[in-house]
Amino acid sequence: MNTLHTPVLLDSVLEVLNPRPGDRILDATLGLGGHASALLKRAGPKGVLVALDADERNIALAEPHLRKKNVTLVHANFGNIPRCLPDSETQFDVILADLGISSVHLDDPERGFTFRADAPLDMRLDPSQVMTAAKIIKHYSDDGLMRLFREEGELSRPDILVRCIRKIEKEKPLERSLDLNAAVESAYGYKAPRVLPQVYQALRMAVNREREMLAQFVEATPHLLAPGGRLGIISFHSLEDRIVKQAFRSLTLPTKDELTGQITREADYETITKKPIVPSDKEIRDNPRSRSAKFRALRRRML
């Protein structure tokens with residue numbers, strides 16, 4: 001498996017989330033199973049692993065390495081927790097979500113996540129869903145597309161890009177990465193190489209409703225932690241990290257008297273990572289895809 005996938009911040013995940021023998025573990029974003037395998041190894045034969053992934057292909061690739069009686073693999077988006085969990089699993093000692101796109105998606109041009117090859121503008125994490133990046137470009141209004149690039153891609157002057165996209169569409173449907181790349185190059189000139197990742201990020205996030213799914217996840221998941229349970233989330237860009245940071249801050253704020261400002265009740269959760277953990281220079285050299293990773297974690301207080 002290591003030839004296909006290098007788990008990001010694995011040492012930090014194991015140290016901070018500290019899985020123990022017999023722990024019940026939820027890996028909300030299985031990918032190729034690197035984090036899940038390491039966590040389950042620490043939990044031992046008496047531990048339990050429930051792992052989710054939106055892509056059945058990821059599950060098929062990871063399953064041979066996790067074929068054990070104490071493992072349950074579920075085809076579901078992590079934003080649908082807790083509705084997709086087995087009825088017997090209501091509380092966990094360790095919960096992890098790695099929000100990165102897996103190597104399978106990035107390295108297969110036909111999945112449409114990369115701007116470095118001629119490929120269909122797909123970008124679906126779950127190939128069974130209907131919406132693709134090409135359909136978004138085709139069906140969104142100009143204002144909707146500009147708002148998408150501004151909010152999800154953090155682009156300045158998205159109106160220029162939309163005009164260039166519509167110009168290409170007058171000649172043919174914009175359905176492939178090379179056509180979108182041409183629109184970006186026309187709109188941004190020498191700045192295009194820096195802008196391309198933002199454009200593809202915006203479309204990918206819209207296709208998979210990533211911010212919506214993450215918001216649902218951080219709202220529901222803390223309540224699945226057993227007393228003393230740990231929740232960790234690895235994000236890869238500022239939009240994701242902002243959602244996680246704000247959710248964790250809200251969960252760890254104590255209740256205060258409105259008049260005196262004195263704490264009347266401690267929060268049910270406490271922060272484990274005072275600042276986000278980021279990869280070392282060595283990890284970035286060994287695994288360049290880890291360079292933007294940020295890991296935050298919290299703990300549910302003991303009753």
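Placing R0 at 22 angstrom, the Cβ-Cβ distance between Val130 and Gln216 gives a FRET efficiency of 0.65 after rounding to 0.05.
Long hydrophobic helices in the chain, taken as whole DSSP H segments with a C-alpha length of 20 Å or more on their own axis and mean Kyte-Doolittle hydropathy at least -0.5: 192-207.
Listed values for the range 277-283 are Karplus-derived 3J(HN,Hα) couplings in whole Hz (6.51 cos²θ - 1.76 cosθ + 1.60, θ = phi - 60°), namely 7, 10, x, 6, 4, 5, 4, and x replaces Gly and Pro.
GNM remark for the chain: springs join alpha carbons under 10 Å apart, and the peak mean-square fluctuation among Gly261, Gly232, Gly79 falls on Gly261. Spacing of the modelled spin labels on Gln246 and Ala117, each 7 Å from Cα toward Cβ, amounts to 3.7 nm.
Take Val244: with every protein chain present and a 1.4 Å probe, its accessible area is about 0 Å².
Mind scanning Lys138/Lys191; Lys41/Lys69; Lys41/Lys245; Lys68/Lys294; Lys138/Lys170 and naming the pairs with a C-alpha gap bigger than 19 Å? Pairs exceeding the cut-off: Lys138/Lys191; Lys41/Lys245; Lys68/Lys294.
Taking Gly22, Gly189, Gly44 as the candidate residues, the one with maximal mean-square fluctuation in a Gaussian network model of the chain, Cα springs under 10 Å, is Gly189. Full extension of the segment from Asp107 to Arg57, taken as 0.36 nm per residue of separation minus the current Cα-Cα distance, would add 16.6 nm. Would you mind estimating how fast the chain diffuses translationally, via Stokes-Einstein at 20 °C and 1.002 mPa s with the Kirkwood radius over Cα pairs, in µm²/s? It diffuses with D of about 104 µm²/s by this estimate. Relative contact order of the chain, taken over Cα pairs closer than 8 Å and 6 or more residues apart, is 18 percent.
Along the chain, counting only GluC sites (Glu not before Pro) with a DSSP assignment other than H, G, I, E or B and at most 14 other Cβ atoms inside a 10 Å radius, the longest segment between sites is 1-153. Residue ranking by accessible heavy-atom surface, 1.4 Å probe, largest first, among His237, His65, His139 comes out as His139, His65, His237. Taking Tyr188, Tyr269, Tyr140 as the candidate residues, the one with maximal mean-square fluctuation in a Gaussian network model of the chain, Cα springs under 10 Å, is Tyr140.
The values are calculated or read from the model by the stated rules, or taken from the named source; none is laboratory data. Because the structure is predicted, anything quoted here is derived from the model rather than measured. Cβ atoms come from the backbone with ideal geometry, glycine included; neighbour counts cover every protein chain shown. Only protein heavy atoms, including side chains, enter the accessible area calculation; ligands, DNA and RNA are left aside. Shrake-Rupley method; radii C 1.70, N 1.55, O 1.52, S 1.80 Å.
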